[in-house]
Amino acid sequence: MNDADPGLFGPRSVTWQMHGDPMMWIAGIRALYLQALHPRAVRGVTQNSDFRRDAWGRLLRTASFVGTITYGTTAAAEQAGARVRKIHRTLKATDPATGETYGIDEPALLLWVHCAEVDSYLQVQRRSGFPLTDAQADHYVDEHRAGARLVGLDPAKVPATAAALAAYFERVRPELALGPEASDVDDFLRNPPVHPLLRPARALVWRRVAALAYQSLPPYAHALYGRPAPPPATVDRRLRATGAVLRAIPDRLRWQLPPGHILKAMARLGPGSRPAAYRLRREAAILDGPGRAQR
């Protein structure tokens, strides 16, 4: 029996299986599009960093944080959360219209960022064909209350089901708007700066990926950005086709990319910890009980 630390979620969780899927990258871009529509939240990013000069670094740091809390040890996850909380405590943003200065660690702002990420991960994965039952989707949302705690939220005040998550977005929609910061994020995602030699790849690959992430947003987000999107059924077909292509790339090849969270977790816990979608089908009955964040 392997007594190694399984980490915050562990191999029996929905999160462990789902976060090993390559469509998480498209889901992450969708999350950026969605997060930018909350003016108070996006100011915390644009006023405290040079987003355009360090956008790639920010994307990679976010991916590393998600990888650490998913596949790292409990201590590594707690340390990553402590670093995020420490940084957030020192940062402020200013509303240019009112002059109000506020901390970016306000619970309402942290909750928006959290919910936009969880919704994006869940929506893109399910629409691209990743096998999740409704019960497993609820478990996924519930599991991520543990991640919400790491960034400073009270888990009891974070949505615990897919229905509660949808209800949260209904409540917050009046606060959303296309401000100048959101337009900057949109411009960057559509045309990010790259080395001249990479411009053909940007035109061939990145713009299609970013377009698909944008298309997968909810209709109210398309209305705010002012750009139409294909019908949802068309977007679903594109997501499934993209998922099929990306999932055809061998896992071991994809997981070699730094920082290698999944391979490190498998080395720690053994080959039985390998993330795989089929495990969710096999373990659906096991996942009928309350999620870890409730225990």
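The values are calculated or read from the model by the stated rules, or taken from the named source; none is laboratory data. Given the structure is predicted, the values throughout are model-derived calculations rather than measurements. Glycine also receives a Cβ, built like all others from the backbone with ideal geometry; neighbour counts cover every protein chain displayed. Just so you know, the surface numbers come from the protein's heavy atoms only, side chains and all, with ligands and any DNA or RNA stripped out. Shrake-Rupley method; radii C 1.70, N 1.55, O 1.52, S 1.80 Å.
Just subtract the alpha-carbon distance of residue 3 and residue 203 from 0.36 nm times their residue separation and send over the number in nm, one decimal.
Working: separation 200, 0.36 × 200 = 72.00 nm, distance 4.77 nm.
Using 0.36 nm per residue and subtracting the Cα-Cα distance, I get 67.2 nm.
So, for the chain, what is the accessible surface per residue at a probe of 1.4 Å, expressed in square angstrom?
Ligands and nucleic acids excluded, the result is 49 Å² per residue.
For a quick check, take a GNM of the chain with Cα springs below 10 Å and name the residue from 203, 244, 77 with the largest mean-square fluctuation.
Per the Cα network of the chain with a 10 Å cutoff, 203 tops the list.
Please provide three numbers in whole Å: the alpha-carbon extents of the range 15-125 along the principal axes, with the largest listed first.
In descending order, the Cα extents are 45, 30, 27 Å.
Report, to the nearest whole %, how much of the accessible area of the range 83-183 belongs to carbon and sulfur atoms, 1.4 Å probe, protein only. Write out the running numbers ahead of the final one.
Values: 2560 of 4560 Å².
Ligands and nucleic acids excluded, carbon and sulfur give 56 percent.
For the range 178-265, compute the orientation-averaged projected area of the C-alpha convex hull (one quarter of its surface), in nm². Working shown, then result.
Values: hull surface 31.4 nm².
Mean projected area for the range 178-265: 7.9 nm², to one decimal.
Using a Förster distance of 22 Å, how high is the FRET efficiency between residue 195 and residue 59, based on the Cβ-Cβ distance and rounded to 0.05? Let's see the in-between values first.
Values: r = 16 Å, r/R0 = 0.74.
E between residue 195 and residue 59, to the nearest 0.05, is 0.85.
What are the semi-axes of the equivalent ellipsoid for the chain, taken as the square roots of 5 times the Cα gyration tensor eigenvalues, largest first, in whole Å?
Here the semi-axes work out to 29, 23, 20 Å.
Can you pull the three principal axis extents for the Cα set of the range 131-172, in Å, largest first?
Largest to smallest, the principal-axis extents are 30, 22, 13 Å.
Round to the nearest 0.05 the FRET efficiency obtained for residue 223 and residue 25 when R0 = 25 Å and r is the Cβ-Cβ distance. Could you put the intermediate results ahead of the total?
Working: r = 26 Å, r/R0 = 1.02.
So the FRET efficiency works out to roughly 0.45.
In square nanometres and to one decimal, what's the mean projected area of the convex hull around the Cα atoms of the range 146-295? Could the numbers behind the result be given before it?
Values: hull surface 51.9 nm².
The orientation-averaged projected area of the Cα hull of the range 146-295 comes to 13.0 nm².
Fully extended, how many nm does the chain gain between residue 108 and residue 256 (0.36 nm per residue separation, minus their Cα-Cα distance)? Display every interim value, and only then the final one.
Working: separation 148, 0.36 × 148 = 53.28 nm, distance 3.66 nm.
Separation in residues times 0.36 nm, less the Cα-Cα distance, equals 49.6 nm.
Is the shape of the range 84-220 rounded, prolate or oblate, going by the alpha carbon gyration tensor and its root eigenvalues a ≥ b ≥ c, with a/c under 1.5 for rounded and a/b larger than b/c for prolate?
Numbers: a/c = 1.82, a/b = 1.11, b/c = 1.64.
Verdict is oblate for the range 84-220.
Can you give the extra length, in nm with one decimal, that the chain gains between residue 267 and residue 240 once fully stretched, where that is 0.36 nm per residue apart less the Cα-Cα distance?
Numbers: separation 27, 0.36 × 27 = 9.72 nm, distance 3.10 nm.
Net length gain for the segment: 6.6 nm.
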